[in-house]
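Worksheet: one structure, shown below.
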Amino acid sequence: MRPLAELPHEVIAGIRGVLFDIDDTLTTDGKLTAVAYQAMERLRRAGKWVIPITGRPAGWCDHIARMWPVDGVVGENGAFYFAHDDPARRLVKRYLLPEAERRANRERLGGIGERILRDVPGCGLASDQNYRDADLAIDYCEDVARLPDGEIDRIVAIMGSAGMKSKISSIHVNGWFGDYDKLAMTRILLRERLDVDLDAARGSFVFVGDSPNDAPMFAYFPHSIGVANVAEFLPRLAAPPCYVTTARCGQGFAEVADLLLRATGDDGSGAGA
């Protein structure tokens, strides 16, 4: 990983969109700080596309798409995207799997969650599980004492034995039925909402993240960025980011925004608008 300051100026000048994880990338110690929220707002005012790519649930993503300064949100590790159509005053919800299949999958998830809670003492059902449409989230350090890596691996193994796909975030192990991930749904969102072919335009985006479930995004984007706390997960990262910030969490995200905005000469403040 190279310092963020080494990102070439010509690359920075060509960045059209900022994609980013939420937990411990945008947030800091579980809180969305003013500086991080303002960074999103400044980027969007400057004409950048701003899109969170998260493992958080549908209930949260409804709020995010409606009320945050974003162009859409990918949630539950790629199960869907939500985007608010401001002129039509409606929320667009785009799921990969049909409702009948999601309903059948949800019925299977309950029993698997009970098995994990029984077989892996100390873990917990994520507090946001009731707001999820498509996946099972097992808490290993958000509202419980942090589990050892071996116990986290046991959760992954149980999900795998049940035929689930899984990813480890900075706080949860998420598991689901279906062949999708963050990157696949990001492609769909950009094509359907912004008329962008991501495979042709990926050099025009940065992705900012911090944990193992961001590895496919780190690998795909040539200008991927980790906030400083990504160092905690390097042993578990299949692919590290290309660049890293000096600051951790939300302050690191703001560092990315500052760099992009300085290069364009537009600080996103809206002054003079």
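Let me check against my output: what whole-number percent is the relative contact order of the chain, with C-alpha pairs under 8 Å and at least 6 apart? All intermediate terms of the calculation are to be shown ahead of the outcome.
Values: 528 pairs, mean separation 69.5, N = 273.
Worked out over the chain, it gives 25 percent.
Principal-axis analysis of the Cα atoms of the chain puts helix 249-264 at an angle of about 30° to the longest axis. When the Cα convex hull of the chain is projected onto planes of every orientation, the mean area is 14.0 nm². The long axis of helix 99-119 is offset from the longest Cα principal axis of the chain by roughly 70 degrees. Distance from the alpha carbon centroid of the range 47-84 to that of the range 162-209 works out to 12 angstrom.
Quick one: if the Förster radius is 35 Å, what FRET efficiency do Ser127 and Met1 give, using the C-beta to C-beta distance and rounding to 0.05?
Details: r = 32 Å, r/R0 = 0.92.
About 0.60, to the nearest 0.05.
Send over a whole-number figure in Å² for the accessible area per residue of the range 57-200, probe 1.4 Å. Provide the component values of the computation, followed by the final result.
On the way: 6500 Å² over 144 residues.
Per-residue accessible area for the range 57-200 comes out at 45 Å².
Solvent-accessible area assigned to carbon and sulfur over the range 126-234 amounts to 47 percent, based on a 1.4 Å probe.
Among beta bridges identified by DSSP and lying wholly in the chain, the antiparallel ones come to about 60 percent. For the range 139-193, the orientation-averaged shadow of the C-alpha convex hull comes to 4.7 nm² (one quarter of the hull surface).
Between the helical axis of 149-161 and the longest alpha-carbon principal axis of the chain there is an angle of about 70 degrees.
Under the combined filter of DSSP loop state and at most 15 neighbouring Cβ atoms within 10 Å, the range 68-99 retains these trypsin sites (Lys or Arg not before Pro): Arg89.
Rounded to the nearest 500, the helix-only mean residue ellipticity at 222 nm of the chain stands at -11000 deg cm²/dmol, with each DSSP H run of n ≥ 4 adding -39,500 (n - 2.57).
A Förster radius of 41 Å, combined with the Cβ-Cβ distance separating Leu194 from Asp119, puts the computed FRET efficiency at roughly 0.40. Between the beta carbons of Ser204 and Leu91, assuming R0 = 25 Å, the FRET efficiency works out to 0.40 to the nearest 0.05.
Can you tell me how much longer the chain between Arg236 and His9 gets when fully stretched, taken as 0.36 nm per residue apart minus their C-alpha distance, in nm with one decimal? The partial results should precede the final answer.
Numbers: separation 227, 0.36 × 227 = 81.72 nm, distance 3.08 nm.
The Arg236-His9 span can extend by a further 78.6 nm.
The values are calculated or read from the model by the stated rules, or taken from the named source; none is laboratory data. Every value quoted in this text rests on a predicted model; they were computed, and no experiment measured them. Glycine gets a Cβ as well: all are built from the backbone with ideal geometry, and neighbour counts include every protein chain shown. SASA here: full protein model, heavy atoms, side chains in, ligands and nucleic acids out. Shrake-Rupley method; radii C 1.70, N 1.55, O 1.52, S 1.80 Å.
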